[in-house]
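Below is one structure, written out as structure tokens, with a few remarks after it.
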Amino acid sequence: MRFVRWMTVMVVTAAIATGSHAVELPEQPILSGMEAFKPSGSAAEQMAQFTEVNVAGQTFTSAIQARISGSPANRWDVMLQAPLGEAVPPGATYLARFWVRAAEAMAESGMVGLAIELNRDPWTKLAEGQYNAPREWTLVQLPFQAKQAFDAGTVNVNLRLGYPSQTLEIGGFELVRLPDGTSPQSVARTANTYRGMEADAPWRAEAMERIDRIRKANLTVSVRDSAGKPVAGQAVRVRLTRHQFRFGSAVDGRLMLAETADAEQYRAVVESSFNTVVYENDLKWNLLEADPRRYDIVDQTLPWFAERNIDVRGHVLIWPAFRWLPPKVVALKDDPAALWAAVNEHVTALVTRYRGKLKEWDVLNEPFTNRDLENILGREAFVDWFKLARAADPEAKLFINDFGILASGNRIDTEHQKHYEELIEFLLSKGAPIDGIGMQGHFGSAVTDPPTMLAILDRFGRFGVPIRITELDANMLDPAIRASFLRDVFIVCFSHPSVDGVLQWGFWEGRHWLPDAALYTRTWDLRRNGQAWKSLMAEWTTDQIVVTGPDGSATIRGFLGDYAIEIAGVQQATLLPLAGGQFEFILDE
Ligand code: XIL
């Protein structure tokens, strides 16, 4: 099929439950039963009650019941803890296992964590996991190998219970040493799962339905000949060339310019996969100040992105802690007026420099944990920065950005989240022009399950300001969970009407702040998470050949965005975009 003419137009309308089975245990357990476990953690006393309960029909006859009320700040703030008496030799292999059920939970299941770690800073981990606790008794198994020696009496076994309101029962704990040479991989291991991970989870079907409703529209092409008569049987190819939704990544400016095979590959991925990018480090004030050549790097990379219709966002105008500010600015800390002026001047200068080139800016980054400037200048200063940025480039979309909002480890009322909500409210009330609410999305091993993510997005969606996932990475221990979770974050976000894009914080192991989380390995193999991402992107595209009916028209339902519409076997045709996703081809003689 030959396409003689095409034009780009805009569509304007727009269980893994446990998988565990018992293994033959060759030796006496080092720990057995719940007797050695005692309440521990900074919130154990205020937020938790512990009682012993009888259990029937299991291999153990009693369990500890822990009732957690409220929402502990950290999962380790409420624990059951048992010290390990004996020394751990390097290379020794163990199996930790226990039974758990949630008598009550705010969702279908509760959560429980297991961390076997050094009993003091730096809390070196021997093993760590986080598990669903469903209503019925469930066995959790965590085999592990000690990478280093630990002295007798320096290791704790911690059952972490500090998740929002739940009543858990735990029984039948055992820690056994496996024969030397046993590979931990040969022993059944409970997946670190999350609520809603199942393929048939209800939230997922609902999300897919919403995606079809809010991210797609009908597109009708009518073909007429030069006399205005409908042309039936005409093949037309309708192909999405750019999503309206932003799929993007952080990029490294220097690598974008490099002349290595890796850099070539890096650029190829950027070009084929993303419609939006953000400089990972190149525009940070302290780094610009330390090495002004970063300006040149940015200047030299911008045209490449522009030629490919890839939007570039700026990160970040102000990251308001001394550690992220240039020394010459920190030096002004005892002179608030001078500090105020220096910061304002930076905002204006940087936005002005890239006016029309950077489509978006993170104006304020991580205000919850970075308070040095707020302590000196007050919150009013934030309002000024937004206003100055707006004045310097009225077209640029201005964002506030923070972590721990979506990636909250399942919690919905952390101080971090409350602060963000309250700060956004304050800034909007003072007239700060905020065009986007950034949620970084650095997920560690504690994931936020999809239904909870949706609830968080609803909560922040009430501001009526678009939400952007600005720095996504899923860095769970288990590659299978990493893949499944990454896919689910995309489904959640693409399905939520308040979200306008998802940017990942890098994609290549060779340039990633958490190399394990990268989509591509150093040698450019796609990891499982990369495959999950790629297959979703393939699913969420539109490329169809349709044949016009007797009235000369054909309709498809496609993702919102820019399209190439091509018509086969015709020498000359003119494509006219009409209203409401309608297009007309007029065939010339
Ligand atoms: C990180 C970069 O990825 C690292 O290369 C750098 O060393 C430190 O900063 N939140 C942010 C980002 O807003 O700027 C941070 O980026 C990651 C956390």
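The values are calculated or read from the model by the stated rules, or taken from the named source; none is laboratory data. If you're wondering where the values come from, they're calculated on a predicted model, not measured in any experiment. Every residue, glycine as well, gets a Cβ built from its backbone with ideal geometry; the counts of neighbours run over all protein chains shown. Each accessible area value is taken on the protein alone, full model and side chains, heavy atoms only, with ligands, DNA and RNA left out. Shrake-Rupley method; radii C 1.70, N 1.55, O 1.52, S 1.80 Å.
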Do any trypsin sites (Lys or Arg not before Pro) in segment 59-145 lie in a loop, going by DSSP, with at most 15 other beta-carbon atoms within 10 Å of their beta carbon, and if so which?
Arg120, Arg135
Would you mind telling me the share, in percent, of accessible area of the chain contributed by carbon and sulfur at probe 1.4 angstrom?
50
Where does each of 44-53, 493-502 land if you order them by average Cβ count within 10 Å, highest first?
493-502, 44-53
Arg242 long-range amide H proximity, modeled H, under 5 Å
Asp562
Taking a probe of 1.4 Å, how large is the accessible area per residue of segment 492-589, in Å²?
41
Please compute the length gained on full extension between Lys357 and Lys328, using 0.36 nm multiplied by the number of residues separating them and subtracting their Cα-Cα distance.
7.7 nm
Using all alpha carbons of the chain, what is the percent of pairwise distances in each 10 Å bin, ordered from the shortest bin to the longest?
3, 15, 22, 22, 19, 12, 5, 2, 0, 0
Packing-ranked peptide list from 545-556, 260-271, 234-245, highest mean Cβ count within 10 angstrom first, is 234-245, 545-556, 260-271
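Full-extension gain between Asp151 and Thr574, please, as 0.36 nm times their residue separation minus the C-alpha to C-alpha distance.
Gain in length upon complete extension: 144.3 nm.
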With a point put 7 Å past each Cα toward its Cβ, work out how far Leu302 is from Ala103 in nm, to one decimal.
6.4
Over 26 Å (Cα to Cα) among Lys147/Lys534; Lys38/Lys125; Lys284/Lys397; Lys284/Lys333; Lys125/Lys534 -> Lys147/Lys534; Lys125/Lys534
Where in segment 476-554 are there trypsin sites (Lys or Arg not before Pro) that are in a DSSP coil and have at most 13 other Cβ atoms within 10 angstrom of their Cβ?
Arg522
Under a no-solvent Debye model with one identical scatterer per Cα of segment 26-93, what's log10 I(q)/I(0) at q = 0.13, 0.25 Å⁻¹?
-0.52, -1.09
If you average the C-alpha positions of segment 119-149 and of segment 512-589 separately, how far apart do those two centres end up, in angstrom?
45
Where the centroid of each part is defined by its Cα atoms, how far is segment 279-322 from segment 42-104 in Å?
47
With every protein chain kept in place and a 1.4 Å probe, the residues Ser429, Ser408, Ser183 fall, from largest accessible area down, as Ser429, Ser183, Ser408
Which loop-located GluC sites (Glu not before Pro) does segment 359-448 contain, where loop means any DSSP state but H, G, I, E or B and the Cβ has at most 10 other Cβ atoms within 10 Å?
Glu395
Provide the FRET efficiency to the nearest 0.05 for the Glu52-Glu259 pair, computing r from the beta carbons and using R0 = 51 Å.
0.15
In whole Hz, what ³J(HN,Hα) sequence does segment 505-510 give by Karplus (6.51, -1.76, 1.60; θ = phi - 60°), x for Gly and Pro?
8, x, 9, 10, 4, x
